[in-house]
Amino acid sequence: MGEDTIVAPNTQMKIDLKSRVKDTFPLKANYRDPFEGTTEKPVVAIVDPSMQQMQQQPVKLPPPPPRPHQWPKVKYYGIVQKNTSKKPLCIVNIDDMLFNLREGDYILDGYMIKTVYRDSVVIQYKKQKRCFKK
């Protein structure tokens, strides 16, 4: 047995690898477009060498802007105050939890009751303030 020949195990036939014929061929997609009725012409792209260098360099994108703080759902019910008390007690529903709070009280990860009025309450989170009305 030589280097360039293969012998089939059950037969005595020899196959020569050098004289093998290629059975592949290129496909040409030059058929008519059924919707437009025209044949597609090949597109030749002309590439500028300077453009190739620009395409190879990775582009650094700026970081996405920080998302604004998502305030919880707040509903203000009103105040309760004794005649002798200086600070009124406000009733506030925050994320479906009912709280009885006074000015200066902190709740839920840094939310502070800044000011209490008869018809509204001002709540502060970090440096943001929001007014919630009845």
Any chance you could count how many residues in the range 54-98 are assigned to a loop (DSSP other than H, G, I, E, B), in contact with a Lys or Arg (Cβ under 9 Å, 6 or more places away or on another chain) and among the hydrophobic types (A, V, I, L, M, F, W, C)?
-> 1
How many residues does the range 100-117 contain that are surrounded by 16 or more Cβ atoms within 10 Å (Cβ to Cβ) and more than 17 Å from K129 (Cβ to Cβ)?
-> 0
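To keep it simple, each residue is scored yes or no on (1) over 38 Å from the mean Cα position of the chain (by Cα); (2) at pLDDT below 90.
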residue: R67; (1), (2): no, yes
residue: K75; (1), (2): no, no
residue: N93; (1), (2): no, no
residue: D109; (1), (2): no, yes
residue: D119; (1), (2): yes, no
residue: Y125; (1), (2): no, yes
residue: Q128; (1), (2): no, yes
When every residue in the range 118-134 that is among the basic types (K, R) and part of a strand (DSSP E or B) is compared, the one surrounded by the fewest Cβ atoms within 10 Å (Cβ to Cβ) is K133
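The values are calculated or read from the model by the stated rules, or taken from the named source; none is laboratory data. On a predicted model such as this, the values are computed, not experimentally measured, just so you know. Cβ: placed from backbone, ideal geometry, glycine included. Neighbour counts: every protein chain shown.
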